[in-house]
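Undergrad: Sharing a structure here in structure tokens format.
The values are calculated or read from the model by the stated rules, or taken from the named source; none is laboratory data. In this text the structure is predicted, and so the values were computed from the model without any measurement. Heads up, the Cβs are rebuilt from the backbone with ideal geometry, glycines too, and the neighbour counts pull from every protein chain shown. Please note that ligands, DNA and RNA were not included when accessible areas were found on the heavy atoms of the full protein model with its side chains. Shrake-Rupley method; radii C 1.70, N 1.55, O 1.52, S 1.80 Å.
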Amino acid sequence: MIKGKEAYLKKLTASMYIPSQDVGRELEGSTPPSVFIGSWNYPRVYAGPMISPQHGDTMIMDRPESWIPEKKSQEEIIRYRLNLIRGKREVKVTELDCRFSEMLRDISLSASSIESEAQFIQAPRGMSFSDEHTPFGPSAPLERFEIGNSRWDRDLEKVYYDGDLKAADAVEDLHHSGLPFSSIQKAFSVGAMGTKKRRRLVPTRWSITACDSILGDRLLGSVRDYDPIDCCQVRESAGLNNYYAVILLPTTWQYEWMEAFLHIMGNEELMFSDFEGNSGKRGYSRVGGCYYSCKMAVLEALAREKKQAGAIILREAYRGYVPLGVFNVRENVRNAMQKKPLEFESLKAALGYVSTRLELPVKQFIRQSDLLREELKSQQTTLSFFS
């Protein structure tokens, strides 16, 4: 399934052309702060800063947590991201003491944007869209790179200087302190947390899923201690050419993620899904990083509300959808979970409501599902009810 989804999204992004920032070999501007670490050729990877030609405060360009609450349009987000020029240099993931890695660390731990100067070996070209990480604009190898003074975030600085604190504990502590997910993930990616001997650069894509997974597992440990909700609930979010329905069940923890891509390139109707029972997930999800981003967002809200529930999430992506990274899932589901729930006496009634909000017939999701189908069977509800 993951190969089918990856192939589909690669075909989708390959068909897009969106003009990005046109720059020459020299660039002066501000990094939001932002870095990107690739995974190709690991453990020797291409790492570097992402710099905007603008000066001053550019934090909005790399702060996904603010885009949904501030109702930023897809066009605005793409414009932010394609105005970030990626510089890159080959570095071994264990080389954390070289000047280049130190500058990437200074950027990632900074509490504000940093003035930067870059000279590239050749003029930056291209752009990058992915279902895993946020897009960015042209890229090129760096010949020279310098940054201005930076002031580290106090929470990140504390974690950096604690060489005995495990990375997973650091991620949990920083989340508990209210630090944005993107700030935690960047610090994780540049090797700024964990016990000293185990620190290393972590490719951006891997670090996003690692932080989502760590937080999901830690939050689940708390949620298991709470009583289940007392009825079925539905919470919704719509934005960036997506619709999300979060269906919460009055059960102990279980989780299913289902997503449908509808008529984005033509007449296609593709669906992908994965699930876990009460014992949790073994192995990497067949639908990729969005599985962990959604799981974390749901568990974060349940922990906040001191409640336990089963969770079934239905997502539809519509014509005009552009892959913007798993933040799209995490922040839309967070948005849904902050809303007052609609309450229903049964799963059948909840699905009856959700069916009025979906473009696909809900029975197509039921046929695709594992967990949802079993829950309906246990309640003696048949597909014919949703015809």
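Undergrad: Can you tell me how the range 1-155 classifies by the Cα gyration tensor, rounded, prolate or oblate, using a/c under 1.5 as the rounded cut? Could you put the intermediate results ahead of the total?
TA: Numbers: a/c = 1.44, a/b = 1.23, b/c = 1.18.
Rounded is the answer for the range 1-155, as its axis ratio a/c remains below 1.5.
Undergrad: Only helices at least 27 Å long along their axis, Cα-based, and averaging -1.0 or more on Kyte-Doolittle count here, so list those DSSP H runs from the chain.
TA: 204-223
Undergrad: Right, something else. Could you please state, rounded to a whole Å, how far the C-alpha centre of the range 46-102 is from the C-alpha centre of the range 164-188?
TA: 19
Undergrad: Please sort by residue number the GluC sites (Glu not before Pro) in the range 1-103 whose DSSP state is loop and whose Cβ has at most 12 other Cβ atoms within 10 Å.
TA: Glu70
Undergrad: Let me ask you something else. Among Ser112, Ser189, Ser15, which one moves the most in a GNM of the chain with springs linking Cα atoms closer than 10 Å?
TA: Ser15
Undergrad: I've got another one for you. Would you tally the net charge around Asp155, using a Cβ to Cβ cut-off of less than 14 Å, leaving Asp155 out, and scoring K and R as +1, D and E as -1? List each step's numbers first, then the result.
TA: Values: positive: Arg151, Arg154, Lys158, Lys186; negative: Asp153, Glu157, Asp162, Asp169, Glu172, Asp173.
Computed value for this residue: -2.
Undergrad: Assuming a ≥ b ≥ c are the square roots of the Cα gyration tensor eigenvalues, decide whether the range 256-324 counts as rounded (a/c under 1.5), prolate (otherwise, with a/b larger than b/c) or oblate. Write out the running numbers ahead of the final one.
TA: Working: a/c = 2.57, a/b = 1.88, b/c = 1.37.
Taking the square roots of the gyration eigenvalues as a ≥ b ≥ c, the range 256-324 is prolate.
Undergrad: Further question: If you take Kirkwood radius over Cα pairs in Å from the coordinates, which of [x] 23.8; [y] 21.7; [z] 22.3 do you get?
TA: It is the value labelled [y].
Undergrad: While we're on this one: Under 5 Å between amide H atoms, partner at least 5 residues away or on a different chain: which partners does Ile121 have, H built in plane at 1.01 Å?
TA: Long-range HN contacts for Ile121: Leu142, Glu143.
Undergrad: For the chain, with only Lys/Arg (+1) and Asp/Glu (-1) charged at the beta-carbon, what is the dipole magnitude about the Cα centre, in debye rounded to 20? Display every interim value, and only then the final one.
TA: Numbers: 52 positive and 51 negative charges, 154 e Å.
Around 740 debye, computed over the chain.
Undergrad: Leaving ligands, DNA and RNA out of it, report the carbon-plus-sulfur percent of the accessible area of the chain at a 1.4 Å probe.
TA: So the carbon and sulfur contribution to the accessible surface is 47 percent.
Undergrad: In terms of the Cα gyration tensor, with a ≥ b ≥ c the square roots of its eigenvalues, is the range 187-262 rounded because a/c is under 1.5, prolate because a/b exceeds b/c, or oblate?
TA: Oblate is the answer for the range 187-262, as a/c is 1.5 or above yet b/c matches or exceeds a/b.
Undergrad: Excluding ligands, DNA and RNA, what is the solvent-accessible area per residue of the chain at a probe of 1.4 Å, expressed in Å²? Each step should come with its number before you reach the end.
TA: Details: 16730 Å² over 387 residues.
Per residue, the chain has an accessible area of 43 Å².
Undergrad: Could you list which residues have their amide H under 5 Å from that of Ser112, counting only those 5 or more apart in sequence or on another chain, with H placed in the peptide plane?
TA: Arg151
Undergrad: If you project the alpha carbons of the range 263-387 onto their three principal axes, what span does each projection cover, largest first, in Å?
TA: That gives 43, 38, 32 Å along the principal axes, largest extent first.
Undergrad: On to the next question. Check the straight Cα-Cα distances from Lys307 and name the lysines below 19 Å, setting aside those fewer than 8 residues away within the same chain.
TA: Cα-Cα hits under 19 Å: Lys295, Lys339, Lys340.
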